Amino acid sequence: MNLNKLEKQTHEIIDYWISEYKSYSWEQIVAKPSEEEWSLGQVGIHLWMSAKGFFFKNAEKCLNQDGTERGRSKKFAAHFIFSLKMLPPVKYDMPKQVAVVPKQPESLEALISKLEDIKKLASDYIQRIPQSDPSLKTRHPFLGWLNTAEWISLCNIHFRHHMRQKRRLEQRLGIR
């Protein structure tokens, strides 16, 4: 795995989101097309929460050999996701036991700060990948068993996946 390329791509996608948020008005960031849908700001909070509390948390477990297993593998579909570096273009529902509706961001500055934090954390984890044992893995609920590098790569893929949701929200809100 080319770590410099992974870091560059991860910074690029996070910078994309930061740039997009800076181009919206605050009203556009917190507007919701319907009560059931998220705002653009809630999407950003979701990206921050999932990176920090799911992707990086599992990468850390792999690095610390905490609850990991050896010799486990990804599910068949996960091989396609990682080779294509994208999730299929469908909406996913989180399992009810872990589903969290993200809160609205407190401010544009706070949202950007959270995304900048993820960028720094991503760099830290990417630099630690060589220290990890690729055979030590934790379980993803849909994709099977992933190692440190795969968890970090999946975080990048997840940020890209939500670009489709962003475009849908922009269309529904009449932005751009």
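The values are calculated or read from the model by the stated rules, or taken from the named source; none is laboratory data. Remember, it's a predicted structure, so these values are computed and weren't measured experimentally. Don't worry about glycine lacking a Cβ; one is built from the backbone with ideal geometry, like all the others, and counts go over all protein chains shown.
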Completion exercise
Pairing a residue in the stretch 23-52 that is in contact (Cβ under 8 Å) with a residue 12 or more places away in the chain and within 12 Å of residue 102 (Cβ to Cβ) with any residue that is in a helix (DSSP H, G or I) and among the hydroxyl-bearing types (Ser, Thr, Tyr), where Cβ atoms lie under 9 Å and the two sit 6 or more apart in sequence or on different chains, gives 40/21; 41/21; 44/21
Handout entry: Of all residues in the stretch 108-147 being touching a residue at least 24 places away in the same chain (Cβ under 8 Å) and of a type in the set (Gly, Ala, Ser), the one that is nearest to residue 81 (Cα to Cα)
Key = 144
Fill in the blank from the handout: Note on residue 91: of the conditions (1) over 19 Å from residue 17 (Cα atoms); (2) modelled with pLDDT of 95 or more; (3) not acidic (Asp, Glu), unmet is (2)
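From 169, 108, which residue is in contact with an Asp or Glu (Cβ under 8 Å, 6 or more places away or on another chain), over 17 Å from residue 52 (Cα atoms), hydrophobic (A, V, I, L, M, F, W, C) and modelled with pLDDT of 95 or more? Before the answer, list the steps.
Details: 108 fails: in contact with an Asp or Glu (Cβ under 8 Å, 6 or more places away or on another chain).
On inspection, the qualifying residue turns out to be 169.
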Exercise for the section: Answer yes or no: is there a residue in the stretch 117-125 that is in contact with a His (Cβ under 7 Å, 6 or more places away or on another chain) and either under 15 Å from residue 17 (Cα atoms) or among the aromatic types (Phe, Trp, Tyr) (or both). Expected result: yes
Problem - Residue identified as closer than 20 Å to residue 111 by Cα and surrounded by 19 or more Cβ atoms within 10 Å (Cβ to Cβ) among 81, 45 - result: 45
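Can you tell which of 37, 7, 60 is surrounded by 18 or more Cβ atoms within 10 Å (Cβ to Cβ) and of a type in the set (D, E, K, R)? Reasoning before the result, please.
Values: 37 fails: surrounded by 18 or more Cβ atoms within 10 Å (Cβ to Cβ); 60 fails: surrounded by 18 or more Cβ atoms within 10 Å (Cβ to Cβ).
Just a single option satisfies the conditions, and that option is 7.
Can you name every residue in the stretch 124-176 that is of a type in the set (Lys, Arg), outside any helix (DSSP H, G or I) and either surrounded by fewer than 19 Cβ atoms within 10 Å (Cβ to Cβ) or within 18 Å of the chain's Cα centre (by Cα) (or both)?
139, 176
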